[in-house]
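Derivation of every value follows stated rules applied to the coordinates shown; laboratory data play no part. The model shown is predicted, which means the values in this text are computed figures rather than measured ones. Neighbour counts run over all protein chains shown; Cβ positions are idealised from the backbone, glycine included.
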Amino acid sequence: MDWLIYGANGYTGRLIAQSAVDGGLRPRLAGRSAAVVDLAQELDLHSSIFDLSDAAEVRRHISGAKLVLHCAGPFSRTSALMVQACIDEGVHYLDITGEIAVFAAVNAQAAAARRADVALVPGTGFDVVPSDCLAAALVGALPAATELSLAFASEGGPSPGTAKTAIEGMAEGGKVLRDGRITTVPLAWKTREIPFHDKPRMGVTIPWGDVYTAHISTGVPDVEVYMAMPPGRIRQIQRIRWLRRVFAVTAIQRFAQRRVDASVQGPSRKEREAGGMELWGEVRSADGRTAAATMSTPNGYDITASASLGIARYLLEHDVEGGFYTPSLLMGADYAASLPGVTLRMNVTSV
C-alpha cells in the first residue's frame, strides 16, 4: 500500500527510510527539498517534493495513501497542516514529536479523526514509545497509582531537529502534570538521584512528552519526567532560567536554529551503536505502595526507527478505529519490550 515518510531528507527521516527498506517496506519519500529525490533514487523508491504551506497541495500529494509518517520538525510549526490534510483525505497520521503542545493539539483533533476513521498517533519514536509503554506497564502492575515519575539517560549528541526543538522548548519553561493539568514550573525545577539499571545518576525535571501522554495512557494525575544530567550542567541551567524570556523572541529562536543547521550533524552510526539508552519509572499509590521498573534500549534514534516502523506496519496491516492514540493505547504496554535490543525489568514492592 502507498504510504509516505515526510521529511525523509532530515537526519531521523533518512535513518527511518533506510531502516524501512532494510525491513522490506517500500514507502514513498517526501519532503521540502530535492535531497529527497536523491535519497529515493539511492533506495530505489518513489519520491514527492512539496512543502507544508499550501493545504490543497499537501492533500493532493497524500491523497490515496494509507498513512503518513511525519518526520519534519519542529512539529510545532509543521504538524497542524499535515494532521488536517490526513483527516481530510482519510490517511492515518504518525509523527515522531516529543513536544507537549503538539500532543495536545493533535489530541484536540480526536473527534474529527473518529468521524474520518483516521488514527492519529503522535510520538512514535523514542519520544515517547519506550517511556509510554513503561508507564503503562507500571500502572498495570499498580492500578491504584496516583503519582508517576519517569527518567531517561541519553548518550550521544542530538540531531538538528532535536536541537532546534530544544531551543523552542527553552521559551516554554519546565512542565509537570498536577491533578491532571499541565503546570509550568522553572527550568531544572527538581532534581533527584535516579536508580538506573547500570548506575545511579542525578536527574532533573524536563518538559518531556510523557507529561502529557502518560495521563492519557494511564489516568495517573501527577507526572514528572527527569533527564540524567551532570550536576554542573543542572546548576548552569538553573542560573540561566532568565533566558526563557530571551528565547521567547521569535527572531532569536530563528537565529539560534540557523546556527544549529550550520553546526549540528547528528550522531554517526558508530556513535549510535556505542550509546544506548537507560530508562527508569516508578508509580506510587495513595496508601504508599510502589512499583518500579527499568528499561534498556538501543540509541534513541535507532529505537525511533524501529518503533515508528513497527507502528506503521501495524496500521498498514490492520483495520484500526479512528481517533487519537498514544503508542501504548494502540500497540499495548508490552510493545516497547518487543522491539530489538529492548529489555524491561519490573520490581513491585509494598510499603
With θ set to phi - 60°, apply the Karplus curve 6.51 cos²θ - 1.76 cosθ + 1.60 along region 299-313 and write out the HN-Hα couplings as whole Hz, x wherever there is a Gly or Pro. 3, x, 6, 5, 5, 4, 5, 5, 5, 5, 6, x, 5, 4, 4
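When DSSP beta bridges are limited to those with both residues in the chain, what percentage is antiparallel, rounded to the nearest 5?
On the way: 37 of 62 bridges.
Just about 60 percent of them are antiparallel.
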PHE126 long-range amide H proximity, modeled H, under 5 Å: THR304
Computed label-point distance, nm, for sites ARG289 and ALA34 using a 7 Å Cα→Cβ extension: 6.4 nm
Among THR218, THR184, THR97, which one moves the most in a GNM of the chain with springs linking Cα atoms closer than 10 Å? THR184
Can you pull the three principal axis extents for the Cα set of region 1-155, in Å, largest first? 51, 38, 27
Which whole-Hz ³J(HN,Hα) couplings does region 74-79 yield from phi under the Karplus relation 6.51 cos²θ - 1.76 cosθ + 1.60, θ = phi - 60°, glycine and proline marked x? x, 6, 4, 9, 10, 7
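Between rounded, prolate and oblate, where does the chain land on the alpha carbon gyration tensor, with a ≥ b ≥ c its root eigenvalues, rounded for a/c under 1.5, else prolate if a/b exceeds b/c?
Details: a/c = 1.55, a/b = 1.32, b/c = 1.17.
Prolate, because a/c is 1.5 or more and a/b exceeds b/c.
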On a straight-distance basis, which aspartates and glutamates could pair with LYS199 in a cross-link, Cα separation under 12 angstrom, same-chain partners fewer than 8 positions away excluded? GLU278
